[in-house]
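S.K.: Just dropping this structure here.
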Amino acid sequence: QAIEQASLANGQLEATVTRIEADRISTGALARFAGLLQACPTVEEAFRVSAHSLALILPGTSGTLYLLRNSRDHVEAMADWGQPSPRPNQMGPLDCWALRVGKSFDSAEQGLLCTHLVHSDAAFRTCVPLRAQGMDLGVLVIEHAESWDHVALAEAAAEQLALAVANLRLRETLRTQSLRDPLTGLPNRRELEEALPREAARADRTREPLTMLVLDIDHFKRFNDTYGHEAGDTVLQCFGRLLSETVRGEDLVVRLGGEEFVVLLPNTSVEDGTQHAERIRLKVSQLSVKHHGQSLGSISASIGLATLQVHTHDVD
């Protein structure tokens with residue numbers, strides 16, 4: 001009997017040591033996971049890194065990572081690890097109980113099955129929401145063959161990923177706001193200041209011409225004075241849209257400020273640039289802008305042209 005008790009105790013001790021060692025490995029993997037996420041430049045890469053890391057953090061499991069899209073009407077599968085059961089590439093937020101209740105949801109424990117898990121043949125399924133700054137960002141779906149007590153570890157990993165996704169989205173939003181004109185949606189002066197030296201260096205390297213058009217809507221102040229500033233904004237929006245639709249895919253259209261715009265034309269000679277400018281001028285003269293059903297009258301634009309290495313060698 002003493003031998004049996006000692007053997008039992010020894011088995012329990014070995015199980016404890018094994019569990020502690022597994023926890024140590026998982027905790028170390030979790031710490032490395034946080035560092036890897038900091039180095040990810042995009043949301044897509046953060047999800048790929050997460051799938052790789054979760055296979056180490058949660059050994060013996062399979063799973064799928066879903067991202068809630070900006071439209072907030074569906075989540076999309078971004079990455080998986082192990083051998084997860086067949087799962088939908090997209091699903092609605094209401095298809096997952098974890099997204100509904102805002103916390104981890106164990107299907108076996110709760111006696112309810114998420115809609116997206118109906119084809120899963122795993123014995124146990126746990127969904128962990130990705131939440132940061134009070135917002136749902138996606139869900140982590142974990143499948144495991146036996147009951148386990150690593151939910152806290154999964155939640156820690158989900159929290160790390162959610163924070164990374166929130167930061168990457170915020171960074172992208174700030175970058176877009178810093179480089180885009182909010183009224184017309186066109187790149188702004190800062191974008192031009194980044195693009196012009198780059199295109200000039202390329203033109204110098206390839207010996208191809210680089211032409212710039214600077215456009216100014218004539219007598220723009222009269223639109224604001226006669227019809228109001230909202231009408232003036234409508235003119236700017238229509239003018240910017242016309243420029244975007246008139247130029248080529250490789251050209252850059254920028255709102256410089258006020259009623260001034262710039263079109264940067266790579267690999268374009270003086271003669272071709274002049275034809276571009278004339279085409280734009282004619283289209284502007286045919287532009288019909290209405291604001292609240294009222295016609296704003298005719299619009300015209302003045303256009304200046306300069307070609308690098310022809311009119312000047314100085315980018316500034």
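The values are calculated or read from the model by the stated rules, or taken from the named source; none is laboratory data. Note that this is a predicted model, so its numbers are computed, not measured. Note that each Cβ is placed from the backbone with ideal geometry, even for glycine, and that neighbours are counted across all protein chains shown. Remember, those area values only see protein heavy atoms, side chains included, never the ligands or the DNA or RNA. Shrake-Rupley method; radii C 1.70, N 1.55, O 1.52, S 1.80 Å.
S.K.: Can you run phi through the Karplus equation (6.51, -1.76, 1.60; θ = phi - 60°) for segment 257-273 and list ³J(HN,Hα) in whole Hz, with x for Gly and Pro?
M.R.: Using θ = phi - 60°, the values come out as x, x, 9, 9, 10, 10, 10, 9, 10, x, 6, 10, 7, 4, 5, 5, x Hz.
S.K.: While we're here: Run lengths n ≥ 4 of DSSP H only: what is the helix-derived mean residue ellipticity at 222 nm for the chain, with -39500 (n - 2.57) per run over all residues, to the nearest 500?
M.R.: It comes out at -15500 deg cm²/dmol, rounded to the nearest 500.
S.K.: Also: If a/c stays under 1.5 just call it rounded; otherwise compare a/b with b/c (prolate if a/b is bigger, oblate if not). Do that for segment 174-290, with a ≥ b ≥ c from the square roots of the Cα gyration tensor eigenvalues.
M.R.: oblate
S.K.: May I ask for the equivalent-ellipsoid semi-axes of the chain, computed as the square root of five times each C-alpha gyration tensor eigenvalue and listed largest first in whole Å?
M.R.: The equivalent ellipsoid of the chain has semi-axes of 60, 24, 15 Å.
S.K.: Along the three principal axes, how long is segment 77-145 when you take its alpha carbons, biggest first, rounded to the nearest angstrom?
M.R.: 33, 26, 18
S.K.: Further question: Express the accessible area of the chain per residue in Å², computed with a 1.4 Å probe while the remaining protein chains stay in the model.
M.R.: Computed with neighbouring chains in place, this is 55 Å² per residue.
S.K.: Normalising by the residue count of the chain, find the relative contact order in percent from Cα pairs under 8 Å and 6+ residues apart.
M.R.: Contact order relative to length: 13 percent.
S.K.: In whole Å, what are the Cα extents of segment 94-234 along the three principal axes, biggest one first?
M.R.: Taking max minus min along each principal axis of the Cα atoms, segment 94-234 gives 72, 49, 26 Å.
S.K.: Expressed as a whole number of Å, what is the distance separating the alpha-carbon centroids of segment 179-198 and segment 217-247?
M.R.: 18
S.K.: Where does each of 285-297, 78-90 land if you order them by average Cβ count within 10 Å, highest first?
M.R.: Top of the packing list down: 78-90, 285-297.
S.K.: Could you give each residue of segment 73-86 its phi-based ³J(HN,Hα) in whole Hz, using Karplus coefficients 6.51, -1.76, 1.60 with θ = phi - 60°, and x for Gly or Pro?
M.R.: Per-residue couplings from phi come out as 9, 7, 10, 10, 5, 10, 6, 8, 9, x, 10, x, 5, x Hz.
S.K.: Starting from the Cα-Cα distance between residue 89 and residue 175, subtract it from 0.36 nm times their residue separation and give me the gain in nm to one decimal.
M.R.: 28.0 nm
S.K.: Over the chain, what percent of the accessible surface lies on carbon and sulfur atoms, probe 1.4 Å?
M.R.: C and S atoms contribute 50 percent here.
S.K.: Sticking with this structure for a sec: If we count every other residue with Cβ under 10 angstrom of residue 132's Cβ, Lys/Arg +1 and Asp/Glu -1, where does the sum land?
M.R.: 0
S.K.: Still on this structure: What is the list of residues in segment 77-115 whose amide nitrogen lies under 12 Å from a point 7 angstrom out from the Cα of residue 145, following Cα to Cβ?
M.R.: Backbone N within reach: 83.
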